[in-house]
Amino acid sequence: MTAHTDTSGSVTTVYRVSGMSCGHCEGAVSGEISGIAGVTSVKAVASTGEVTVVSAAPLDEEAVRAAVDEAGFELAGRA
C-alpha cells in the first residue's frame, strides 16, 4: 500500500488501474476520481497503470473503485 500524509495534511495514494492505454483513458479515470469529495489532485499514467491521488483525507477505496468502474476500467488495488 502506498499512502502518505505530507506536512500540509494532505494524503497521497497511488492506485493501480488496469486497462488504461492512452491519454483519453487517463482523462476518463482522472475525471471520475476528481469527482470524489476531498480529492484535490489526480494524475493518471496509462503507461504504468498508476493513478496518483492527493486528497484532504484518506479515501474510501470503494468510492475510488466505483469511480474507476464508471470510467470503464478496473481498480487493481493500491500500488
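Some observations on this one:
- Residue among A57, A67, A46 with the largest mean-square fluctuation in a Gaussian network model of the chain, springs linking Cα atoms under 10 Å: A57
- Evaluated at q = 0.12, 0.21 Å⁻¹: base-10 log I(q)/I(0), Debye formula over Cα of the chain: -0.27, -0.83
- When the chain is described by a simple charge dipole with +1 on each Lys and Arg Cβ and -1 on each Asp and Glu Cβ, the residue from H24, F73, T48 located farthest towards its positive end is T48.
- Added length on full extension, which subtracts the Cα-Cα distance from 0.36 nm per residue, S21 to S34: 2.7 nm
- Assigned charges on the beta-carbon of Lys, Arg, Asp, Glu; the chain dipole about Cα centre (debye): 200 debye
- For the stretch 3-78: relative contact order, % (alpha-carbon pairs under 8 angstrom, 6 or more apart): 39 percent
The numbers here are math on the coordinates, done by the rules we state, and not lab data. Here the structure is a predicted model, which means the values were calculated and not measured. Ideal geometry is used to build each Cβ from the backbone, glycine not excepted, and the neighbour counts take in all protein chains shown.
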